[in-house]
Amino acid sequence: MTELFTIGYSSHSIESFIMILREYGIEAVADVRSIPYSQYKPNFNREVLQGHLERANMSYVFLGNSCGVRIDDPDCYADGKVDYDLVAKHPDFIEGLRRIRDGVKKYKIVLMCAEQDPLNCHRFVLICRNLRFDDVFIQHILANGEIEDHMESEKRLVQSSKGNQLDLFMDESDMLEEAYATQARKIAFKDEQEKSTSADRDTEHGRD
């Protein structure tokens, strides 16, 4: 079984970020931000980050065009908001997943976005949701540097949804799917939110 890691950089300095990647033997960073720039964390701007990683003997690849949260196709929006179910069927996204699947066969890869908690990020709710049935062991690196495997993250997602959105008479698989759908609606990018300040923000709620 191959491994895939994910991480959010917003709680890290570039030094602590690279230290954690080294701890887990990461060889390549796949940047899944739609806009790979940050006013508040300039060391994580695309070109600057790539330089830091190269000096640490790690590779960098930008996947924001195919796996980013702001897909450039109006057919993937409903009422001005990204519909993750539609994105999951889009050829660009499917190609992005293929690249990830191929990549993990050769390298130890981490998907990088801004949001520190995977539950609040499309790397979990969109990308990993569509990779979870593959022969890939998905592990999320949390803000404190510890690992939470994807099944534990899913349990946390369902637990956070109980008593609010979920029908407690559902079976476990239906509860999980509904929790995913609810979280997707909660965090999905709204197209009308930001045109002028898009490069100035750093977290998943419209910032990746």
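Please treat every number below as a calculation from the coordinates, not as lab data. Keep in mind that this is a model prediction, so the values were computed, not measured. All Cβ positions, glycine included, derive from the backbone under ideal geometry; neighbour counts span all protein chains shown.
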Practice task
Report, by chain and number, residues whose modeled amide H sits under 5 Å from the one on Ser59, excluding near sequence neighbours (fewer than 5 apart, same chain).
Solution key: Ala28, Val29
Practice task
Sort the following peptides by mean Cβ neighbour count (other Cβ atoms within 10 Å, averaged over residues), highest first: 142-154, 101-113.
Solution key: 101-113, 142-154
Completion exercise
Computed, not fitted: 222 nm per-residue ellipticity of the chain from DSSP H runs ≥ 4 (each -39500 (n - 2.57)), nearest 500, equal to -10000 deg cm²/dmol
Practice task
For Asp79 and Ile147, compute 0.36 nm times the residue count separating them, minus their Cα-Cα distance, and round to one decimal in nm.
Solution key: 20.9 nm
Practice task
May I have the count of lysine pairs in the chain with C-alpha atoms under 18 Å apart, counting pairs 8 or more residues apart or located on different chains?
Solution key: 6
Problem - Simple label model, 7 Å out from Cα along Cβ direction - Tyr40 to Asp174, nm - result: 4.0 nm
Problem - Descending Cα extents along the principal axes, the stretch 37-86, whole Å - result: 43, 22, 13
Fill in the blank from the handout: Here the alpha-carbon Rg of the chain over 2.2 N^0.38 Å rounds to 0.98
Handout entry: Max mean-square fluctuation residue, GNM over the chain, Cα-Cα springs under 10 Å, options Asn57, Asn120, Asn65
Key = Asn57
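Kindly identify the stretch 23-109 as rounded, prolate or oblate by the Cα gyration tensor criterion: order the square roots of the eigenvalues as a ≥ b ≥ c, call it rounded if a/c is under 1.5, otherwise compare a/b with b/c, prolate if a/b is larger, else oblate. Provide the component values of the computation, followed by the final result.
On the way: a/c = 3.22, a/b = 1.51, b/c = 2.14.
Oblate, because a/c is 1.5 or more while a/b does not exceed b/c.
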